[in-house]
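The values are calculated or read from the model by the stated rules, or taken from the named source; none is laboratory data. Only a predicted model underlies this, so the values are computations on that prediction, with no experimental measurement involved. We place every Cβ from the backbone using ideal geometry, glycine too, and count neighbours over all the protein chains shown.
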Amino acid sequence: MKYLINMVVILWIGIFPGLAQVSYPDNEDGQYEDMLTPQYYHALEGDTFRLEVNKFVHYSRLIPFQHPLSDSLGNVASYSLGRGFGEGLGPGGTSSHHPAFDYYLGNSSTFVNMYAVCDGVVNIDRTVSRYRHYLSITAEVKDSTGSELGKVVVFYGHIDLDLDEADGIDLDGQFVKKGDLVSKHLYSGTMGGPHLHFEIRYYRKADSGLEDFYGGQTEDKTIPSAGPWSYGYWNNNSGYGFAHPLNHLNSEVSGIPTIEPVNKLKVYPYPNPTKENINIRFKDAGGIKVFTITNATGRQILQRKYENEEFVKLDISVFSKGIYFLNISGNGQNCIYKIVKE
């Protein structure tokens, strides 16, 4: 009888596909939780708004992305992650959450090529104090029928647009392709040192893609954060929220060349999962290699440098259980591996 019922359901969906309810994952079920509007967390299971956001997020992650510091050959500028996604900001770290990754270059460098992470239209702004200068790329999110669901807007904050324009880079209003050069200069006077503030925002269909919908409490931001997010206030009339960057940069559909499937260093850390050590053996022992481990929020946990070593053992026995990322750079190559600590 159960088999017969299942066959009837399959035939019904095949004959009337428009009546089938497609289900998309809830934000809470993901490995890296996005920071979404309180309206989402307050909605009940099956609520129209919650379903709307789930569908939007699903299709937004199908847009091909690449790393903002990766050139066309897959070479990524050496960097370290500063403040991670979701960390507290302001007095006592409780005024709002940091909805981005901060990329720091070596030796406090301000000169670095930055690339479009996806196709989209560029907007530049010199008037938002917390970024000083920023460049954004807006990409429309569409479902499988081509209907627009909203917008993904990627922000490159703390860059120096004046120096970019002096170098002939003036992209305001232009359409760029994934991998196009969009900036070459970080602002030297940024508090905490020069760095790229990399932020991904989710906007609704009716939004322009420029609305400021989250931060400290103001006349238009009065709704307290909800779900796992404790700090900051929202404008419930615009924006869906902020994407955890790893939900896009680590996507299997992103084509990003620095994730394990394209392994230019030809090494595989083992054992993985592990309880104590990560072992790495190289065919080419020459040169200097830097090993950096970050947690799921992007916070650097460990960094080691070795020279002319064929075998390296990293002790992570004191790490908490969870997901970590091991970045190995050396000999002009850079690879990232997902490590599971048991």
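Just to be sure, is residue 11 at pLDDT below 90 and either surrounded by fewer than 16 Cβ atoms within 10 Å (Cβ to Cβ) or under 26 Å from residue 151 (Cα atoms) (or both)? Considered against the rule, which asks whether it is at pLDDT below 90 and either surrounded by fewer than 16 Cβ atoms within 10 Å (Cβ to Cβ) or under 26 Å from residue 151 (Cα atoms) (or both), residue 11 comes out as yes. Number of residues in the stretch 205-221 that are touching a residue at least 60 places away in the same chain (Cβ under 8 Å) and under 20 Å from residue 63 (Cβ atoms): the value is 2. Might you let me know whether the stretch 66-74 holds any residue that is surrounded by fewer than 22 Cβ atoms within 10 Å (Cβ to Cβ), within 19 Å of residue 243 (Cβ to Cβ) and among the charged types (D, E, K, R)? Scanning the stretch 66-74 turns up no residue that is surrounded by fewer than 22 Cβ atoms within 10 Å (Cβ to Cβ), within 19 Å of residue 243 (Cβ to Cβ) and among the charged types (D, E, K, R). Filter the stretch 258-280 down to residues that are at pLDDT 70 or above and buried (at least 18 other Cβ atoms within 10 Å of the Cβ) and give me whichever is farthest from residue 305 (Cα to Cα). Top of the filtered list is 274.
Every residue in the stretch 316-332 that is within 22 Å of residue 79 (Cα to Cα) and in a strand (DSSP E or B), please. Residues satisfying the conditions are 323, 324, 325, 326, 327, 328, 329, 330. Across the stretch 315-332, which residue is nearest to residue 67 (Cα to Cα) among those that are touching a residue at least 12 places away in the same chain (Cβ under 8 Å) and surrounded by fewer than 17 Cβ atoms within 10 Å (Cβ to Cβ)? Checked the stretch 315-332; the qualifying residue nearest to residue 67 (Cα to Cα) is 332.
Taking the criterion of being surrounded by 17 or more Cβ atoms within 10 Å (Cβ to Cβ) and under 27 Å from the mean Cα position of the chain (by Cα), the residues of the stretch 281-301 that qualify are 289, 291, 292, 293, 294, 295, 296, 298.
Quick grid of which residues meet (1) over 15 Å from residue 80 (Cβ atoms); (2) in contact with an Asp or Glu (Cβ under 6 Å, 6 or more places away or on another chain):
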residue: 275; (1), (2): yes, yes
residue: 278; (1), (2): yes, no
residue: 282; (1), (2): yes, yes
residue: 287; (1), (2): yes, no
residue: 297; (1), (2): no, no
residue: 300; (1), (2): no, no
residue: 314; (1), (2): yes, no
residue: 323; (1), (2): yes, no
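Can you tell me which residue in the stretch 215-231 is surrounded by the fewest Cβ atoms within 10 Å (Cβ to Cβ), limited to those that are within 10 Å of residue 38 (Cβ to Cβ) and under 24 Å from the mean Cα position of the chain (by Cα)? That would be 224. Within the stretch 35-63, the set of residues being under 20 Å from residue 148 (Cβ atoms) and in a loop (DSSP other than H, G, I, E, B) comprises 37, 61, 62, 63. Identify the residue in the stretch 177-206 that is outside any loop (DSSP other than H, G, I, E, B) and of a type in the set (D, E, K, R) and, among all such residues, is farthest from residue 239 (Cα to Cα). In this case the residue turns out to be 184.
Is there a residue in the stretch 289-310 that is out of contact with any helix residue (DSSP H, G or I) (no Cβ under 9 Å at 6 or more places or on another chain), charged (D, E, K, R), assigned to a loop (DSSP other than H, G, I, E, B) and within 30 Å of residue 228 (Cβ to Cβ)? There is at least one residue in the stretch 289-310 that is out of contact with any helix residue (DSSP H, G or I) (no Cβ under 9 Å at 6 or more places or on another chain), charged (D, E, K, R), assigned to a loop (DSSP other than H, G, I, E, B) and within 30 Å of residue 228 (Cβ to Cβ).
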